[in-house]
1. Out of all the residues in the range 104-132, which are open to solvent by 10 Å² or more (accessible area, probe 1.4 Å) and over 24 Å from TRP167 (Cβ atoms)?
2. For residues that are among the β-branched types (Val, Ile, Thr) and under 22 Å from the mean Cα position of the chain (by Cα), scanning just the range 362-400, find the one that is surrounded by the most Cβ atoms within 10 Å (Cβ to Cβ).
3. Could you check, for the range 102-119, whether at least one of its residues is farther than 24 Å from LEU227 by Cα, at pLDDT 90 or above and not hydroxyl-bearing (Ser, Thr, Tyr)?
4. Determine whether ILE135 is farther than 15 Å from SER112 by Cβ, touching a residue at least 40 places away in the same chain (Cβ under 8 Å) and crowded, with 17+ Cβ neighbours inside 10 Å.
5. Search the range 39-53 for residues that are open to solvent by 60 Å² or more (accessible area, probe 1.4 Å) and pair each with any residue that is β-branched (Val, Ile, Thr) when their beta-carbon atoms are under 7 Å apart and the residues are at least 6 apart or on different chains.
6. Within the range 149-166, restricting attention to residues that are basic (Lys, Arg) and part of a loop (DSSP other than H, G, I, E, B), which residue is farthest from the chain's Cα centre (by Cα)?
7. Does the range 413-426 contain any residue that is open to solvent by less than 60 Å² (accessible area, probe 1.4 Å), under 25 Å from PRO360 (Cβ atoms) and either among the hydrophobic types (A, V, I, L, M, F, W, C) or within 20 Å of the chain's Cα centre (by Cα) (or both)?
8. Pick out, from the range 47-148, the helices (runs of 4 or more DSSP H) lying fully within it that include 2 or more residues that are of a type in the set (Phe, Trp, Tyr) and under 23 Å from the mean Cα position of the chain (by Cα).
Amino acid sequence: MVQAIHTYDLKCLPQDQCTLLFQHYAFGGQIIDNFYRLKKISAQIVNKCAGLPLAIKCISRALSCNMREDIWRNVLESELWESTGKDEIFPALKLSYYSLPPDLKPCLLFCSLFPKGYRFLKDEIIYMWIAHGYIQSRGGKSEEGVGDEFIHELDKRSFLILDKQRWVETFTLHDLIHDLARSISLDQFFTDKRRSFDGVMSSEVQHVYTDNCSMIDGSSGLIRTLLYKSYCQKSDLNDNFHMDMTRHYNLNLCTNTNLRVLKCKLADARDLECMANLKHLRYFGLNHSNLERLPKSLTILFNLVALRISFLPHLKELPIHIGKLVNVRFLSIDAVGIEELPESLGQISSLQKLYLRACPQMKKLPVCIGNLINLKQLHISYLEFTELPESFCMLRKLQTLVLEGCCNIVRLPDYIGNLSKLRCVYVSDGALDRLPKSINWLCNLEILELTTGDSLIGLLCRLKGFLNKCLLKISIKANLGSESNELWEMWENVSLEDILIEDLSIPVSLHQILIMCIKYKKSENLLECLQPLNHLIELKVNGNQGIAYPRWFGAMTTVE
């Protein structure tokens, strides 16, 4: 059934609200009277924004980065306010864009290659930026660290909308920001999701996002980014036509020495025959393919920094010499049929981020994992691992460990405490029944998130005296259902302070506690016995089925 939906026309903000919004973002918490001249200029800039909130946010956040009167006056008197366009908001957005630091501008423009509404994975886009040389290490920070700063700066300036869900960070562009970026980038970007394309692609195009590989023509030697979905292998196309299409596509790709980013969907072996020639390729992504083996030429792409393989259920193994890719820093393997990782993986000493997800045939990590001396993040999701190898404890630079849905891992390695740089440990939907004593050695640990089930009580009791005073966050998910009365009494007689604090000096940094999905018949009693420390700043309780707050709730003076 189709029916009309009543629409609401959103009106522009009234002048007083526009002024407050601008002052909030431009001056922050500073006393506005200290900026008398800027305050007068800001009132005139607000008038030019025509009551449009996004325009006000973008331009006020841009100006907040430079409180010089001449800069503000230049914005006010810019000729861009007089420019004509399809929308009143564009002049303000353009001024905000031109006020960006030079190294942020190509990063923002690159995001406009993707369709409107596209949700970007932070790691993926950062490594694409790195592949194009948009990011340079500086001030002792790695390229990855600088890329992270870029994303947060663009979020701060309202050019993108950042979303962080535990260990996953994504972002989207507002449609108007997307339009702005495409209007500035002119002919450098080509985005077309149609399966057939009869037009002519400009010879100036450098970045292509397409669902039709046949449109790659003689100008493709200039292309630096190719994100494509191959429909050539569809059953409705005969094999000769497929061969002609692939030959046409490969002929142009083979001669392209400028290609830096290649991401393929539904590609087959013939599509990838020419990979040996892409010696300057730095980012390669392959997904949703029936390939049983990756091309051997993959292992001679010595400049590759990021490799992402996903949804290849028939792929049985990675190239045995994958260790030759010594410059790879990001490796993601998701929903792939491989049974084990090759021992040569340990030769990729540059690897910083390793993601393994939903590979049902993979039963264990290789011992060589300990040779990844620069690994900073290890994400293992929905694998049948029963344990982490002891060599895991040699990853001295590891900062983040994620174990998601690994129901067969009941304990962490005994010497995990050797990983002195470990800051975040997430164990989600797992079956841990104990934590090793050495966890108390993790002096930089900030987040320990334990999401467990029936083994929760035993785990909490074993935590007693093992958690150090640098712990900042504890997340517990409990779904005990109809536990026995004996087990409930055991829990009811234990307080949070008994579990975490006994035999330790007061951990003044323990300021955030998150209790998730509590499903006890006596939820009020549970919260009553969880009386937190006096310096607690934040307490989150999700899914509480109780009908009353605990008695200590009103006495918490430090909670914000």
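The values are calculated or read from the model by the stated rules, or taken from the named source; none is laboratory data. Since this is a predicted model, take the numbers as computed values, not measurements. Neighbour counts run over all protein chains shown; Cβ positions are idealised from the backbone, glycine included. All accessible areas refer to the heavy atoms of the entire protein, side chains included, with ligands and DNA or RNA removed. Shrake-Rupley method; radii C 1.70, N 1.55, O 1.52, S 1.80 Å.
1. LYS105, PRO106, LEU109, PRO115, LYS116, HIS132, listed by residue number.
2. Looking at the filtered set, the residue picked out is ILE380.
3. Yes: one or more hits.
4. Working: farther than 15 Å from SER112 by Cβ: yes; touching a residue at least 40 places away in the same chain (Cβ under 8 Å): no; crowded, with 17+ Cβ neighbours inside 10 Å: yes.
So ILE135 fails the test.
5. Pairs that qualify, where the first residue is open to solvent by 60 Å² or more (accessible area, probe 1.4 Å) and the partner is β-branched (Val, Ile, Thr), are LYS39/ILE32.
6. Here the answer is ARG157.
7. Within the range 413-426, one or more residues are open to solvent by less than 60 Å² (accessible area, probe 1.4 Å), under 25 Å from PRO360 (Cβ atoms) and either among the hydrophobic types (A, V, I, L, M, F, W, C) or within 20 Å of the chain's Cα centre (by Cα) (or both).
8. Correct list: 122-131.
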